[in-house]
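A short worksheet on the structure shown next.
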2 protein chains.
Amino acid sequence: MASEALLVAMVVALALSNALLVTSESEYNKVKIWPMPASVSYGHSHLYLSNDFEHSTNYDSGLLKDAFNRMLAVIRLDHIIEANFSALHLSPLLRGLHIVISSSNHQLQYGIDESYKLTVPSPENPGYAHLEAQTVYGALHGLQTFSQLCHFNFTSRVLEVHMSPWTIIDQPRFSYRGLLIDTSRHYLPLPIVKKVIDSMSYAKLNVLHWHIVDSQSFPLEIPSYPKLWDGAYSPSERYTVADAAEVVSYAQQRGINVLAEIDVPGHARSWGTGYPSLWPSKDCQQPLDVSKEFTFKVIDGILSDFSKIFNFKFVHLGGDEVNTSCWTITPHISKWLREHGMNESQAYQYFILRAQNVALSHGYEIVNWEETFNDFGNKLSRKTVVHNWLGGGVARQVVASGLRCIVSNQDKWYLDHLDTTWQEFYANEPLTNITNLKQQKLVIGGEVCMWGETIDGSDIEQTIWPRAAAAAERLWTPYDKLAKNPREVTGRLAHSGVY
Amino acid sequence: MASEALLVAMVVALALSNALLVTSESEYNKVKIWPMPASVSYGHSHLYLSNDFEHSTNYDSGLLKDAFNRMLAVIRLDHIIEANFSALHLSPLLRGLHIVISSSNHQLQYGIDESYKLTVPSPENPGYAHLEAQTVYGALHGLQTFSQLCHFNFTSRVLEVHMSPWTIIDQPRFSYRGLLIDTSRHYLPLPIVKKVIDSMSYAKLNVLHWHIVDSQSFPLEIPSYPKLWDGAYSPSERYTVADAAEVVSYAQQRGINVLAEIDVPGHARSWGTGYPSLWPSKDCQQPLDVSKEFTFKVIDGILSDFSKIFNFKFVHLGGDEVNTSCWTITPHISKWLREHGMNESQAYQYFILRAQNVALSHGYEIVNWEETFNDFGNKLSRKTVVHNWLGGGVARQVVASGLRCIVSNQDKWYLDHLDTTWQEFYANEPLTNITNLKQQKLVIGGEVCMWGETIDGSDIEQTIWPRAAAAAERLWTPYDKLAKNPREVTGRLAHSGVY
């Protein structure tokens with residue numbers, strides 16, 4: 001890809017320049033950026049930020065301007081800037097940031113170029129910093145990095161950049177860097193979801209996996225089947241279509257895609273509150289009734305409505321933890337199974353593949369939890385991404401079979417496992433035992449999962465961070481720049497303010 | 001006072017009108033306002049808020065406009081407003097709020113008139129709600145109440161006011177309604193302090209008691225003695241003078257006074273990090289050295305600097321938990337005690353009274369913790385407010401002696417006591433066993449205390465609320481409207497969104 005070639009060229013150019021290219025651990029420790037960029041060089045000067053620090057750009061969009069203003073608000077948050085000019089008069093001033101974006105396309109999507117190059121100050125124009133990127137979303141990452149270079153100086157009472165000049169050339173190791181939130185086990189108010197999205201952007205995570213509905217509650221409005229959200233916990237614990245669209249738009253403005261999930265057929269009891277015929281029977285309410293056409297009509301309606309809100313390339317169809325006993329003990333379903341010559345396991349496969357076809361018909365590629373692969377991987381659509389969760393070994397098998405994989409092994413990357421430390425989150429390597437380069441590329445990334453049974457809006461952020469930030473560096477930073485021992489990065493993580 | 005007469009007149013007028021005046025418990029349960037206003041009547045109609053809901057006022061100040069805009073942002077926070085006009089066309093619309101303020105003085109201070117009257121809609125102008133108040137700070141409370149009347153309707157997708165017409169006539173029972181935060185045991189970043197202030201305003205609390213420094217750390221800049229903040233936990237865990245002024249200004253814009261505290265001589269070890277001569281000795285660092293003139297020079301410098309930032313009528317001088325053993329075992333102090341004919345207890349009294357005189361010289365009245373009263377109450381300045389904390393009985397003795405009192409008995413109103421339930425916070429009555437009306441008036445209010453040993457910015461809000469809200473109703477609502485059994489108000493508290 002053109003941008004990769006550009007990156008290589010820039011790294012080479014940098015290595016030939018006079019600046020100190022960071023390659024040793026002791027030098028890393030001086031760099032207080034999280035996640036660690038692909039390539040960093042720094043010097044020994046200080047710069048002071050002008051009080052009216054501004055941006056200029058060739059890119060005509062409110063998105064970038066809003067992001068710049070948000071960045072300014074973040075770096076000005078903790079202290080009042082009130083310059084003590086006597087401490088300042090001889091110091092070089094940074095007046096603004098010039099941002100150059102090559103592509104005018106600002107459509108966010110999986111796999112877009114997220115690279116950027118940041119120089120502070122610009123060699124051509126020392127009063128300004130310079131940020132260039134292929135896409136505006138690469139520039140957003142560059143703004144996050146820039147914000148982490150700024151420190152409040154308690155003597156001069158202004159913001160300053162230490163260790164200038166900086167040259168940072170950066171791009172992510174994995175293109176899918178996700179965080180799961182779960183609004184079925186606890187409803188999360190819209191402002192909380194937005195806060196989580198804000199904090200994701202600080203760590204350069206780029207996919208919000210929204211596990212919207214599950215057995216416990218169905219909080220989202222589905223216009224095609226307007227009784228579905230009768231399964232919400234309460235009338236006020238619901239999201240309208242406009243609320244969901246707001247989540248998508250808010251996330252996209254921060255470079256984050258939203259992966260919407262319905263978890264069928266096993267995690268869907270709440271669907272039957274509004275439509276009881278989706279239950280096998282009143283006494284046996286899960287999984288969804290595999291024998292009824294209505295079940296697939298509802299899935300089709302949901303995914304049709306989804307396609308108007310959730311414009312990410314992928315939709316997540318779940319498929320995990322399906323206990324099919326309700327199917328065998330419910331007379332009309334066991335009769336249907338007999339008539340169609342299916343056992344329970346075949347019916348599970350039938351359900352998953354039919355749901356996949358519905359999703360494909362709406363233009364989505366599919367993510368499914370790993371049980372679908374473990375049970376009948378060779379039958380899955382080739383457009384499937386297998387979402388690992390059970391343990392550490394399945395990614396290798398998935399990519400060997402030619403399918404793509406997202407890594408979320410629960411022993412290391414489940415945030416509801418409160419006894420898993422940030423060090424374990426940091427050390428979890430998605431490519432473990434995958435040596436073939438082509439197969440490595442099929443691991444599109446990883447995701448940390450904040451299941452909602454034991455958290456709500458009051459403690460979700462505190463439970464996510466800093467552990468998700470540890471995983472975020474694993475997913476962003478080149479493998480050879482990751483700390484072999486997480487202990488080495490403790491100071492930088494503590495300093496990063498990501499959490 | 002004129003406004004009290006006005007209030008009485010309004011209540012009488014209301015009682016004679018047709019509206020239903022809320023007097024019974026079952027009617028209270030329908031009113032979802034927290035804290036419960038002094039007088040409420042409501043009807044049975046619905047009103048819808050216009051999308052461009054606006055305010056008009058005779059009061060020319062950005063303070064009110066900003067407060068109105070914040071109120072709008074709060075009520076619009078949880079859902080996207082996107083009117084479904086087919087569900088709306090026959091419903092009466094509320095186009096705005098007209099606000100009339102009698103006094104043009106917008107100086108916030110202890111004891112200002114906080115009353116307001118809110119009618120929704122205005123009888124004279126049915127398209128508008130009407131809010132009147134003596135001061136802009138009364139109007140701020142009225143805005144909070146108005147916000148609690150607004151509910152998102154999931155059918156019409158707009159905000160609506162239920163149970164209109166409303167007539168609410170309101171004023172607080174106590175003029176001092178405080179919350180203590182402690183930035184010595186854990187530093188709280190500026191944005192966290194602001195969040196706490198925001199949430200206080202929702203509960204109509206009006207004093208932020210800022211326990212700034214203590215033995216553990218000294219985070220605040222004191223220009224007169226610039227090494228004092230060397231006692232901060234770290235260079236970044238500090239507040240500049242401009243930061244402190246920002247806290248005061250931010251709070252005042254929300255009708256909240258800031259009561260600054262230095263806790264002398266017993267809780268001040270951190271002062272000696274920058275000025276070791278304030279310690280009795282290097283090995284015995286607390287209380288402050290009573291024998292040195294320098295000690296009182298530093299207190300004078302601090303209070304001089306305070307007087308430029310903290311313009312509340314009161315300053316808090318602490319005075320609790322003074323263990324004087326360092327004074328007796330340190331040779332130069334025990335010598336000084338002998339020369340001045342003082343025992344330890346007399347030296348404690350000498351210290352407190354001398355510090356009081358310094359505060360008085362800077363124009364402050366004084367708050368001191370109750371040990372000062374318990375030990376030598378008759379010697380305290382008559383401008384002292386005694387701050388109860390040890391137990392339930394002292395308030396009666398304080399007001400019997402003619403001094404004023406703030407109630408914070410630790411068994412009921414200490415938020416760091418995690419096993420004290422919200423019901424206990426609610427039931428704690430400041431006037432227990434005080435029957436004399438004149439003495440009752442000397443109990444100026446109460447305060448809930450969020451000591452900082454076991455909380456930080458990540459969980460302070462979750463630890464404060466909803467229990468502080470329970471106390472806030474005790475401090476705001478007329479005694480005879482308070483629930484006898486807190487269980488009765490569970491639903492209203494849960495609904496209030498104060499926390």
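The values are calculated or read from the model by the stated rules, or taken from the named source; none is laboratory data. Remember, predicted model here, so these are calculated numbers, not experimental data. A quick note on method: Cβ atoms are made from the backbone with ideal geometry, for glycine too, and the neighbour counts reach across all protein chains shown. To get the accessible areas, we keep the full protein, side chains included, count just its heavy atoms, and leave off ligands, DNA and RNA. Shrake-Rupley method; radii C 1.70, N 1.55, O 1.52, S 1.80 Å.
Considering only residues of segment A:149-167 that are among the aliphatic types (A, V, I, L, M) and in a strand (DSSP E or B), which is nearest to A:LEU72 (Cα to Cα)? Only one residue fits best here, namely A:LEU159. Here B:SER164 does not fit the description of being away from every other protein chain (no Cβ under 13 Å) and buried (at least 24 other Cβ atoms within 10 Å of the Cβ). So, in segment A:184-197, exactly how many residues are open to solvent by less than 10 Å² (accessible area, probe 1.4 Å) and within 14 Å of chain B (Cβ to nearest Cβ)? Number of matching residues: 3. Within segment A:233-266, the set of residues being within 14 Å of chain B (Cβ to nearest Cβ) and part of a loop (DSSP other than H, G, I, E, B) comprises A:TYR233, A:SER234, A:PRO235, A:SER236, A:GLU237, A:ARG238, A:THR240. Among the conditions (1) under 21 Å from A:THR167 (Cα atoms); (2) in a loop (DSSP other than H, G, I, E, B), the only one that A:GLU54 does not satisfy is (2). Considered as a group, the residues in segment B:101-127 that are in a strand (DSSP E or B) and in contact with an Asp or Glu (Cβ under 9 Å, 6 or more places away or on another chain) include one that is surrounded by the most Cβ atoms within 10 Å (Cβ to Cβ), and that residue is B:TYR116. Does A:THR295 satisfy the criteria of being in contact with a Leu (Cβ under 6 Å, 6 or more places away or on another chain), on the phi < 0 side of the Ramachandran plot and assigned to a helix (DSSP H, G or I)? Yes; evaluated as a whole, the condition is true for this residue. For segment B:266-294, residues that are open to solvent by 60 Å² or more (accessible area, probe 1.4 Å) and touching a residue at least 24 places away in the same chain (Cβ under 8 Å) total 2. Please indicate, with yes or no, whether at least one residue in segment A:192-211 is of a type in the set (Phe, Trp, Tyr), touching a helix residue (DSSP H, G or I) at 6+ places or on another chain (Cβ under 8 Å) and at pLDDT 95 or above. Scanning segment A:192-211 turns up at least one residue that is of a type in the set (Phe, Trp, Tyr), touching a helix residue (DSSP H, G or I) at 6+ places or on another chain (Cβ under 8 Å) and at pLDDT 95 or above.
Exactly one residue out of A:SER199, A:SER184 is assigned to a helix (DSSP H, G or I) and outside the structural domain of A:LEU72 (by TED's automatic domain parsing), and it is A:SER199.
Yes or no, residue by residue, for (1) closer than 21 Å to B:GLN356 by Cα; (2) in a loop (DSSP other than H, G, I, E, B); (3) under 19 Å from the mean Cα position of the chain (by Cα):
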site	(1), (2), (3)
B:VAL386	yes, no, yes
B:GLY391	no, yes, no
B:ARG396	no, no, no
B:CYS405	yes, no, yes
B:LYS412	no, no, yes
B:ASP416	no, yes, yes
B:ASP419	no, yes, no
B:PRO430	no, yes, yes
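Would you confirm whether any residue within segment B:132-148 is in a strand (DSSP E or B), within 14 Å of B:THR57 (Cβ to Cβ) and not assigned by TED's automatic domain parsing to the domain that holds B:PHE314? Yes.
Listed here are the residues, each with its yes/no results for (1) surrounded by 15 or more Cβ atoms within 10 Å (Cβ to Cβ); (2) of a type outside the set (Lys, Arg).
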{"position": "B:TYR42", "(1), (2)": "yes, yes"}
{"position": "B:TYR48", "(1), (2)": "yes, yes"}
{"position": "B:ASP60", "(1), (2)": "no, yes"}
{"position": "B:LYS65", "(1), (2)": "no, no"}
{"position": "B:ASN69", "(1), (2)": "no, yes"}
{"position": "B:ARG76", "(1), (2)": "yes, no"}
{"position": "B:PHE85", "(1), (2)": "no, yes"}
{"position": "B:LEU88", "(1), (2)": "yes, yes"}
{"position": "B:ILE99", "(1), (2)": "yes, yes"}
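Within segment B:435-447, does at least one residue satisfy the condition of being without any contact (Cβ under 8 Å) to a residue 12 or more places away in the chain and either open to solvent by less than 60 Å² (accessible area, probe 1.4 Å) or touching a strand residue (DSSP E or B) at 6+ places or on another chain (Cβ under 7 Å) (or both)? Scanning segment B:435-447, I find no residue that is without any contact (Cβ under 8 Å) to a residue 12 or more places away in the chain and either open to solvent by less than 60 Å² (accessible area, probe 1.4 Å) or touching a strand residue (DSSP E or B) at 6+ places or on another chain (Cβ under 7 Å) (or both), so the answer is no. Exactly one residue out of A:ILE444, A:ILE460 is among the β-branched types (Val, Ile, Thr) and within 14 Å of chain B (Cβ to nearest Cβ): that is A:ILE460. Tell me, yes or no, whether segment A:198-210 has at least one residue that is surrounded by fewer than 21 Cβ atoms within 10 Å (Cβ to Cβ), over 30 Å from A:THR145 (Cβ atoms) and in contact (Cβ under 8 Å) with a residue 12 or more places away in the chain. No, because not a single residue in segment A:198-210 is surrounded by fewer than 21 Cβ atoms within 10 Å (Cβ to Cβ), over 30 Å from A:THR145 (Cβ atoms) and in contact (Cβ under 8 Å) with a residue 12 or more places away in the chain. The listed residues are A:THR490, A:THR420, and the only one of them that is farther than 18 Å from B:SER458 by Cα, of a type in the set (S, T, N, Q) and open to solvent by 40 Å² or more (accessible area, probe 1.4 Å) turns out to be A:THR490. For segment A:108-125, the criterion of being more than 27 Å from A:PRO478 (Cα to Cα) and away from chain B (no Cβ under 14 Å) is satisfied by at least one residue. Among the residues in segment B:86-95, are any within 14 Å of chain A (Cβ to nearest Cβ) and either in contact with a Leu (Cβ under 9 Å, 6 or more places away or on another chain) or not polar (S, T, N, Q) (or both)? Within segment B:86-95 (the criterion being within 14 Å of chain A (Cβ to nearest Cβ) and either in contact with a Leu (Cβ under 9 Å, 6 or more places away or on another chain) or not polar (S, T, N, Q) (or both)), the answer is yes, since at least one residue qualifies.
One residue alone among B:ALA400, B:ALA427, B:ALA395 is farther than 26 Å from B:GLN144 by Cβ, of a type in the set (A, V, I, L, M, F, W, C) and open to solvent by 10 Å² or more (accessible area, probe 1.4 Å), and that residue is B:ALA400. Report whether or not B:ILE222 is open to solvent by less than 10 Å² (accessible area, probe 1.4 Å) and part of a loop (DSSP other than H, G, I, E, B). Taking the combined requirement at face value, the residue satisfies it.
Per this entry, B:SER458 is counted among residues that are more than 20 Å from the chain's Cα centre (by Cα), free of Cβ contacts under 8 Å to residues at least 12 places away in the same chain and part of a loop (DSSP other than H, G, I, E, B).
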